[in-house]
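Written below as structure tokens is the structure these notes are about.
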Amino acid sequence: MIGQIGIHLLFGIALASTVLYGTTLHAPADDKRISIARWLFRILAGGLVASAAGLIALIVTHQFQFTYVWNYSSTELPLHLLVACFYSGQEGSFLLWTMFVAVIGILLQPYAKRHGYEAPVMLFYGLILSFLTLLLVAKNPFAYYYESFASQGITIDDIPANGKGLNPLLHNAWITIHPPILFVGFASMSVSFAFAMAGLVRKDYHRWIDISLPWTLFATGILGFGIMLGGFWAYETLGWGGFWGWDPVENSSLIPWLVVVALVHTMLVQKRTRGLVKTNMALAVLSFVMVLYSTFLTRSGVLGDTSVHSFVDPGRFAFWILLLFMVTFIGIGVSLLVIRRSDMNVTREEFAPTTREFMLSIGSALVMASAVFVTIGTSWPVIMEVLGLPKVAVAIDFYNQVHRILVPAILVVNAISLVMQWRNTTRSVFRRRVLRSSVAAVVGTGVLIAFGVRDLWPIALGFGAWFSFAINVEDGLRMLKAGPAMMGAYVSHVGIALLMFGVITTSMYAETYHAVLVHGKPVNVGTYTLTYLGKEQVDKEFRDREKFRYYVRIEHDGQRRTVAPVLYWSDFNQRQSPFLEPGIRWGLMNDLYVSPKNIGREDVFHETTVQKGASAQVPIDKNVSLFLDGFTMPMEEGQTEDGRMQMSAKIVATTANGDTVNVKARTRITTGPNGPAFDPEWTTIPGTTTAVGLINIDRNNEDPSKSKGTFAFYDVSKPRPFAREEFTVEFSVKPLISLVWIGVIAMVTGFAFSIGRSVRMLKKKPTLQVVQNEPLT
Amino acid sequence: MIRAIIIGLAVIGIPAAVWFASQYGQPDTVTFLQAIQRASTTSEAEQAPKVVIEVVVTSVESDREIQCVDGAGTSFHTEYSGSAPEVPFAAGQQHRLLGHVHNGAKPYFHATQRFDR
């Protein structure tokens, strides 16, 4: 009860703080109301942190009287996964997001105050928190089990003994860090929006750029890192072999990131030239609105059955809050932009094509084009539904085709922008620097072609990546003399070029083989030898699954490595499809990736299926045929000693000399979550050396006379064949995929350098007085 | 100049993006057997591709389970899990069903949306 009341109270505090900040927009900094608003905000942040800690405590101590705890956790989970349960459902992830917004707000408050921006920034920031806490009211993680299921007759005394458990796909260490990092990114995207809105309120169209740049860089770096951690998790856990699938959930993080990447670059242009004022305001609004839009797409249930991810319908109240949240901030942003439109035109200037500002603008436009395409693609099911057409997602190839043009163009424009100088570039400087890097790019691309790349797209991407790499390395090394702080952009860009090299090598050179591995028998695939060594049951404490690790030895050039992919069925998805985890041998030059596909037994018995009333030849003895007369009922056969049901097929066998004999082929049936399993009693057909076993009954409920039986046979004059376990895998060699991860690390490191630099530059500037407040109209 | 370039790009690019998406976002209309053929190229863990099948309802087993016949005359079982239809399923109705097939010993169609023909 405390939790539920607390969430409602926090919504009230968020509103009160926001309203108070709103009333002090034109008040002096020492106004009493600002002090109260400040304290209310601190209480709000403290309350949200306490709520999050409270929810974690409820999960860790297995308080299943709370619906959320029951729904997403269970007693078998280890501590780190119990903590991850906190943000595995909608309610918890909203709380995590809200808490991070509040915690960042605690850091933002004194920062904004120092720069004379506290009231307007915290007004908009508080409004964001008000909506987020309202969402928590709608999706309260502290709802009781008996409240949620009261309509089903559940009372306060009905407390489940155990929870439903965490989705098995999330039983992974990476899931404990990927969502928090992503939500820190989402939360920090609010800051540049709040500063931009404050700038519009204050008619201060330039200073907000300096002040909010470190925050914007932080948001870009951390969100980019979070997105790629998601890719890494997919690669390491899901077993489909890739790290990016253009799924709506992935795209929903990528879209705001692309917008904020464009914003960072246009902010740099405004810093140096005082141009792109309106563009920056619009992009700051758009970057935050796209966070809300993406959240709406993936949390409102509108995408429904169009993704590999499941989208839980949040309920009507939460749906409308999400919609209102988005519409409100679009309304605020657009209204302020329209009101200040003419005022912002004052410093408009043209950029000559031979300037860095021009190329950075073009580069940002290309990044925005990518954002537009991804947004349209991700929204496609919603567009179709609005038009009354079949609601389907666009094919993945849509995104691939678009980015085959956009990514090389972005890389080349990025590189050229670094060659250009601010305000003007002399032709000789341009020619000299572009020539050097072009030669490097041509040589590099030639190497790719020599290694077998023939398609236009990877050649174009390779050229773009080499060109960008060469210029960034050259400039970065030059900048190293001035200290690492100056190298941020270059390190980030080199990271992106490396990432692209990784994309080329894995998409063009990866070798993939399908292999059926019989236990203990080496199988050659390409230049590798794979041997399935056996299995080991793991996670025995989980009762919803029998999870096995399958050991596969990989031999190549005299070296032996063993990987352990995992394949299992779980009650979590009613055992409809298996859960797969790849076995990976990580390497700098290549990864060996074994993706499990199926586990079964060797087909050593010859089988045939016969419909009731029909005949078939015995596969191992063509002189003998069988006629399936029918099946006995389980009650006729009775149970086995261990309690299994039994049925028999009534067969009439015709031998080589024309004799007919009646044979009863009995089978013992075990019913399980994957359907019935048949254990045949082998019966020798009199006058032959053929043993027959009934291994499946396919009952036709509509017309029982069309039911079928499947029989297996072996020759009793020889030893009974032993069916070994067969492990079906997809084996891939992924060359230089390490470049993808190294590239991402370099990109994030570059952002860290840039944040440090922009903070230092800001400190060097004299403290600015609070700008004269002006009314909105 | 930059302003003109970007406005021009937006004016041409956004409708072009929508058109381009429409080329990749239309499910094919197929028969049940064609849908099974397409599903056979997907692995056990992935869902079969979304397709539209034009059907005539031949019998109704429940409000979510029907028997249909497609244009090629193939009769097949359909499970419907979309939003509750305004007019309940009835024998003789003609629909366009969006969904995917479940392959296996007894293949069936899992429809998620229904459109009247």
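Quick note: the coordinates plus some simple rules give every number you see, no bench work behind them. Everything quoted here is computed from the prediction, not taken from an experiment. Ideal geometry is used to build each Cβ from the backbone, glycine not excepted, and the neighbour counts take in all protein chains shown.
Before moving on, here are some points about what is shown:
- More than 22 angstrom apart: percent of Cα pairs within region A:673-760: 65 percent
- Region A:526-576-region A:648-673 distance, computed between alpha-carbon centres (Å): 37 Å
- Computed with the Debye formula from one identical point scatterer per Cα of region A:322-385, without solvent, the log10 of I(q)/I(0) at q = 0.25, 0.29 Å⁻¹ comes to -1.04, -1.05.
- Surface/4 estimate of mean projected area, convex hull on alpha-carbon atoms of chain B, nm²: 10.2 nm²
- Highest-MSF residue in chain B out of B:Ala48, B:Ala17, B:Ala35 [GNM, Cα springs under 10 Å]: B:Ala17
- Evaluated at q = 0.12, 0.17, 0.18, 0.30 Å⁻¹: base-10 log I(q)/I(0), Debye formula over Cα of region A:231-291: -0.42, -0.64, -0.67, -1.12
- Pairs with C-alpha atoms separated by more than 30 Å, drawn from the list A:Lys139/A:Lys391; A:Lys540/A:Lys708; A:Lys139/A:Lys278, are A:Lys540/A:Lys708; A:Lys139/A:Lys278.
- Kirkwood radius for region A:517-556, taken over all pairs of different Cα atoms as the inverse mean of 1/r, rounds to 11.4 Å.
- Where Rh is the Kirkwood radius over Cα pairs, Rg/Rh for region A:196-338: 1.04
- Neighbour-count ranking [beta-carbon atoms within 10 angstrom, fewest first] of A:Met645, A:Met747: A:Met645, A:Met747
- Between 0 and 90 degrees, the angle of helix A:248-273 with respect to the longest Cα principal axis of chain A falls at about 20 degrees.
- Debye log10 I(q)/I(0) for region A:351-423, one point scatterer per Cα, at q = 0.20 Å⁻¹: -0.80
- Helix-derived mean residue ellipticity, 222 nm - over chain A, DSSP H n ≥ 4, -39500 (n - 2.57), to 500: -17500 deg cm²/dmol
- With viscosity 1.567 mPa s and temperature 4 °C, the Kirkwood radius over alpha carbon pairs of region A:492-568 converts through Stokes-Einstein to a diffusion coefficient of 85 µm²/s.
- Shape annotation for region A:482-531: C-alpha extents along the principal axes are 60, 20, 14 Å, from largest to smallest.
- From the C-alpha gyration tensor of region B:48-117, square roots of 5λ in Å: 16, 13, 12
- Mean separation of Cα contacts under 8 Å, 6 or more apart, over the residue count of region A:312-431: relative contact order %: 34 percent
- In chain A, the longest principal axis of the Cα atoms and the axis of helix A:456-480 are about 50 degrees apart.
- Here, region A:509-644 is characterised by an Rg to Rh ratio of 1.12, where Rg is the alpha-carbon radius of gyration and Rh the Kirkwood radius.
- Based on the Stokes-Einstein relation at 10 °C and a viscosity of 1.306 mPa s, and on the Kirkwood radius from alpha carbon pairs, the protein assembly as shown is assigned a translational diffusion coefficient of 51 µm²/s.
- When the helices of chain B are scored as -39500 (n - 2.57) per DSSP H run of n ≥ 4 and the total is divided over every residue, the value at 222 nm lands at -8500 deg cm²/dmol.
- Dimensionless Rg over Rh [region A:40-130; C-alpha; Kirkwood]: 1.11
- Using alpha-carbon coordinates, inclination of helix B:2-24 to the longest axis of chain B, degrees: 10 degrees
- Distance from region A:348-377 to region A:594-646 (C-alpha centre basis), Å: 67 Å
- Sorted by Cβ neighbour density within 10 Å, fewest at the top, the residues A:Glu250, B:Glu86, B:Glu61: B:Glu86, B:Glu61, A:Glu250
- Centroid-to-centroid separation of region A:424-501 and region A:1-23 [C-alpha atoms, Å]: 52 Å
- Using only the C-alpha atoms, the convex hull of region A:563-630 corresponds to 152 Å³ per residue.
- More than 21 Å apart - percent of Cα-Cα pairs taken over region A:159-251: 50 percent
- Taking 22 Å as the limit for the C-alpha separation, the pairs A:Lys164/B:Lys50; A:Lys535/B:Lys106; A:Lys664/A:Lys706; A:Lys32/A:Lys764 exceed it in the case of A:Lys164/B:Lys50; A:Lys535/B:Lys106; A:Lys32/A:Lys764.
- Rg [Å, one decimal], Dmax [Å, integer] - region A:616-703, C-alpha atoms: 14.1, 45
- Shown here is the pair-distance distribution of region A:111-223: with all Cα-Cα distances grouped in 10 Å bins from zero up to the longest one, the shares run 12, 27, 25, 18, 13, 5, 0 percent.
- Footprinting exposure proxy for A:Asp31, B:Asp28 (fewest neighbouring C-beta atoms within 10 Å first): B:Asp28, A:Asp31
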